[in-house]
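Every read-out reported here was derived from the displayed coordinates using simple, explicitly stated rules and does not represent laboratory data. Just so you know, these numbers come straight off a predicted model, no measurement behind them. We place every Cβ from the backbone using ideal geometry, glycine too, and count neighbours over all the protein chains shown.
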Amino acid sequence: MANTISKPKLSGKDFLTLSQLSKAEILGLLDEAVALKKQTNEGTRKPHLKGKVLGMIFEKSSTRTRVSFEVGMLQLGGEAIFLSSNDSQIGRGESIFDTANVLSRYVDGLMIRTFSHDIVESYAQHATVPVINGLTDTHHPTQVLADLLTIYEHKGKLSGLKLAFFGDGNNNMCHSLIEGAVKVGMDIAISCPAGYEPNQEILQQMKQAAEQNRTNVEYSEDPFDVVTNADIVVTDVWSSMGQEAENDQRNKAFTPYQVNENLCKNAKSDFIFLHCLPAHRGEEVTADIIDGSHSVVFDEAENRLHAQKALLKLLLEDGGIKHG
């Protein structure tokens, strides 16, 4: 990954999905994250964002997203402000147009964790400062940046690997994993029950991109077909925030897609296991996998901090994203 791009620039002023970036831009972001992580580990951090303030709008609860962005800003010399919809005019119906325009006059960037992807797109349309998608129902690009960084650290490469995803294909993690994998030259295979396939528009768009990048995007209801020769095994919770009423239905549908020792026997012997957390041991993954020798979930969680610091530095210090 080193020497892929000397000083990465990301296109436009916002970061909403991984599909908006080229391979070189993603690898450049990851190179920046590696450099910033090294500075942190060596105790040589620099105040790249001194005097900068990130506004963080949360309409969904969070642990890793909030802490990693807030700590990231502090480590870069800046500050972060937490804005809950329960404690601001956002929760009382103030328009996105008004909120985005007002906050743009106070802060240097906005990170938003919300429901519909249309909401973060509307903030990006009306804000005059960079907008980062911290999570929507459709995409989770900051998490997948951390996933790609973790894979590179453990595998030494990205291109040519096979990633296998199990569970709900029509969720934000699966969609962003498809986008990220295709962009960096990684094959991705998805296994989920009928009725839970990935969004068809995203899937078709990335299949076209995969043909150009000579990678594969595959789908099968048979998890044992999908896991065969996988370098990376990934799953997520079966019921995301807002889907709690469907727990019983989803648990029944997804039980055959549990990541367990029997399934992983068909993966490569040195496969790594990823999960964005929080995890429900005994549901989507067994304890012997997530707590076993193949699991790198805590490296993955830590890398949220370093990948997002790279993103913040490029957006807030280096003048935004220049699309390749």
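A compact table of results
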quantity	calculated
Rough spin-label spacing in nm, given labels placed 7 Å along Cα→Cβ, for residue 89 and residue 244	3.0
Virtual spin-label span in nm between residue 216 and residue 204, 7 Å along Cα→Cβ	2.3
Translational D in µm²/s for region 166-313 (Stokes-Einstein at 20 °C, 1.002 mPa s, Kirkwood Rh from C-alpha pairs)	135
Sequence of 32, 300 once ranked by neighbouring C-beta atoms within 10 Å, starting from the fewest	32, 300
Set of aspartates and glutamates near residue 268 by C-alpha distance (under 16 Å), chain-local residues within fewer than 8 positions excluded	187, 225, 231
Rg/Rh ratio calculated on Cα atoms of the chain (Kirkwood radius)	0.95
Value at 222 nm in deg cm²/dmol, rounded to 500, when DSSP H runs of n ≥ 4 in the chain each add -39,500 (n - 2.57)	-12000 deg cm²/dmol
Neighbour-count order for 119, 290, fewest beta carbons within 10 angstrom listed first	119, 290
For residue 272, distant residues with modelled amide H under 5 Å away	232, 233
Label-reachable residues, region 150-190, where backbone N falls under 15 Å from a point 7 Å from residue 270's Cα toward its Cβ	151-162
